[in-house]
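Step one of this worksheet: look at the structure below.
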Amino acid sequence: MNPPEVDRVAASRAAVAARRARAAVKHAVNERRLSAVTVLHTALASSESIEATLRVRDLLLSIPGLGPVRVDRVMQRLEISPSKRLAGLGVHQQERLQEYLEHRAPTIDESALSRLVVLAGPTAVGKGTVSTFIRENHPEVCLSVSATTRAPRPGEVDGVSYYFLDDAEFDRMIADGEFLEWAVVHNKSRYGTPRPPIDRALAEGKSVLLEIDIQGARQVKEAMPEATLVFLLPPSWDELVRRLIGRGTESAEEQERRLSTARVELAAQSEFDHRVVNSDVEAAAREVVELMRIQKAIDLHGKE
Ligand SMILES: Nc1nc2c(ncn2[C@@H]2O[C@H](COP(=O)(O)OP(=O)(O)O)[C@@H](O)[C@H]2O)c(=O)[nH]1
Ligand SMILES: Nc1ncnc2c1ncn2[C@@H]1O[C@H](COP(=O)(O)OP(=O)(O)O)[C@@H](O)[C@H]1O
């Protein structure tokens, strides 16, 4: 290699190394191992630092809870051009950015809790069918897998449909505080929402959907008031009865018991933030996902 070529190779290696270092900083902010304010301070302290070469836009985008639309709006308000790097900020821009990062950028709780949506409704209204449709068609939505003491039905897979536990293991999880909520449903089996996977998903900025009963929905609202509660309704009472009987998974006696619970549950619909009628599975699923999007937008943009 002649000298100019050696220079070119060295320069391109240095560029790759700098790109990797910048990506590592953004990743650390995204994982909340490093705060965006610390990155700004490091950049301002030394124009030679990797942090100084970060674009403001990329730094903002690495903050969980900030999407491109909101970032563009924030930058416009801070009067910082999209291509600006941290090292190139004027004094007033630095002050405005610092003030935003310290006081107005989303915090862990704000970005996490707002994306928790609970789907509840009476037995056989189609909660399972609608949430399965969402799981299969909207991979961006994280579906919580509940734990239960009831026996698996044919075709149900442990860890996918539910975590099927015995009473002792369920007791242990209650004692260890591992449930966000739990309840005895239909006066029979216990069902609960394991908390750690939800905290993890929310911390990663994902939307989480819980398909649980009404007692559980109330407990979630109590524990996390920011959660959005959606009530799934049948097109009519007769259709609900038809669906329960048509599913054929319960004895006549069990069906009676569930229908009497359903009457009480239908009366609770006014406690919910939104109501969705499940006439058509795809349309109902779309409506629920749309509500999650709208809710996310309100939570994120409404705070600006
Ligand atoms: N509180 C609570 N309820 C749950 C949970 N998981 C499922 N359920 C509810 O338990 C009820 C019984 O569910 P399942 O045994 O699948 O029977 P289904 O009612 O016939 O669908 C349904 O109303 C579910 O919404 C959970 O983690 N917590
Ligand atoms: N929109 C719908 N139209 C017709 N049948 C439906 C619809 N949604 C669900 N079902 C049927 O109703 C029955 C009960 O649905 P399921 O999802 O098990 O209810 P849930 O989980 O609320 O108890 C199932 O047989 C399902 O195939």
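Could you work out how far apart the two model spin labels at GLU204 and SER236 are, taking each label as a point 7 Å from the Cα in the direction of the beta carbon, and quote it in nm?
Result for the modelled spin labels: 4.4 nm.
Would you mind checking the tilt of helix 36-45 against the longest principal axis of the Cα atoms of the chain, expressed as 0 to 90 degrees and rounded to 10?
Compared with the principal axis, the helix lies near 0 degrees.
Compute the Cα gyration tensor for the stretch 166-304, then decide on rounded, prolate or oblate, letting a ≥ b ≥ c be the square roots of its eigenvalues: rounded whenever a/c is under 1.5, prolate when a/b is larger than b/c in the other cases, and oblate in all that remain. Spell out each step's value before the answer.
Working: a/c = 2.16, a/b = 1.17, b/c = 1.84.
Verdict is oblate for the stretch 166-304.
Just to be sure I understand the model, the point goes 7 Å from the Cα along the line to the Cβ. What's the resulting VAL264 to ALA28 distance in nm?
5.5
Quick one: what are the phi-derived ³J(HN,Hα) couplings along the stretch 156-171, Karplus 6.51/-1.76/1.60 with θ = phi - 60°, whole Hz, x for glycine and proline?
With the stated coefficients, the stretch 156-171 comes to 7, 10, 4, x, 10, 6, 8, 8, 8, 10, 8, 4, 5, 5, 5, 4 Hz.
Quick one: Karplus J couplings for the stretch 92-98, per residue in order, coefficients 6.51, -1.76, 1.60, θ = phi - 60°, nearest Hz, x for Gly and Pro?
Listing the rounded values in order: 5, 5, 4, 5, 5, 5, 4 Hz.
At 7 Å along the Cα-to-beta-carbon direction for both SER47 and ARG257, put a label point, then send me their distance in nm to one decimal.
Result for the modelled spin labels: 7.6 nm.
Which order do peptides 157-167, 197-207 fall in by mean Cβ count within 10 Å, highest first? Intermediate values should be presented prior to the final figure.
Values: 157-167: 12.9, 197-207: 16.4.
Ranked from most to least packed, the peptides come out as 197-207, 157-167.
Going by average Cβ density within 10 Å per residue, which order do the peptides 46-59, 66-79 take, highest to lowest?
46-59, 66-79
Work out the FRET efficiency for THR38 and ASP171 from their Cβ-Cβ distance, taking R0 = 45 Å, and round it to the nearest 0.05. It would help to have the intermediate numbers written out before the result.
Values: r = 43 Å, r/R0 = 0.96.
In this case the efficiency is close to 0.55.
Zone of VAL145 (label point 7 Å along Cα→Cβ, backbone N under 14 Å): which residues in the stretch 186-219?
Residues 193-198 qualify, since their backbone N sits under 14 Å from the label point.
Quick one: dipole size for the stretch 1-104, taken about the Cα centre, charges +1 on Lys/Arg Cβ and -1 on Asp/Glu Cβ, in debye to the nearest 20. Please list the in-between numbers first.
Details: 17 positive and 11 negative charges, 71 e Å.
It comes to approximately 340 debye.
Ratio of Rg to Rh for the chain, alpha carbon only, Kirkwood? If you can, show how the numbers build up before the last one.
Details: Rg = 24.8 Å, Rh = 22.3 Å.
Dividing the radius of gyration by the Kirkwood radius yields 1.11.
To the nearest Å, what is the center-to-center distance of the stretch 210-279 and the stretch 128-142, using C-alpha atoms only?
Each part reduced to its Cα centre gives a spacing of 18 Å.
Based only on other Cβ atoms within 10 Å, what is the fewest-to-most ordering of HIS103, HIS27, HIS274? Present the calculation step by step, with values, prior to reporting the outcome.
On the way: HIS103 8, HIS27 12, HIS274 17.
So the ranking, lowest neighbour count to highest, is HIS103, HIS27, HIS274.
Tell me which residues come under 5 Å, amide H to amide H, from ARG85 once H is placed; ignore anything under 5 positions away on its chain.
Answer set, sorted by chain and number: VAL56.
Can you give the FRET efficiency for GLN76 and ALA14, using 1/(1 + (r/R0)^6), R0 = 22 Å, r = Cβ-Cβ distance, to the nearest 0.05? Walk me through the numbers on the way to the answer.
Working: r = 33 Å, r/R0 = 1.50.
The formula returns an efficiency of 0.10 here.
Nearest 5 is fine: what % of DSSP beta bridges in the stretch 148-304 come out antiparallel, could you say?
Working: 7 of 13 bridges.
DSSP beta bridges in the stretch 148-304 are roughly 55 percent antiparallel.
Every read-out reported here was derived from the displayed coordinates using simple, explicitly stated rules and does not represent laboratory data. Please read all numbers here as calculations on a predicted model, not as lab measurements. Note that each Cβ is placed from the backbone with ideal geometry, even for glycine, and that neighbours are counted across all protein chains shown.
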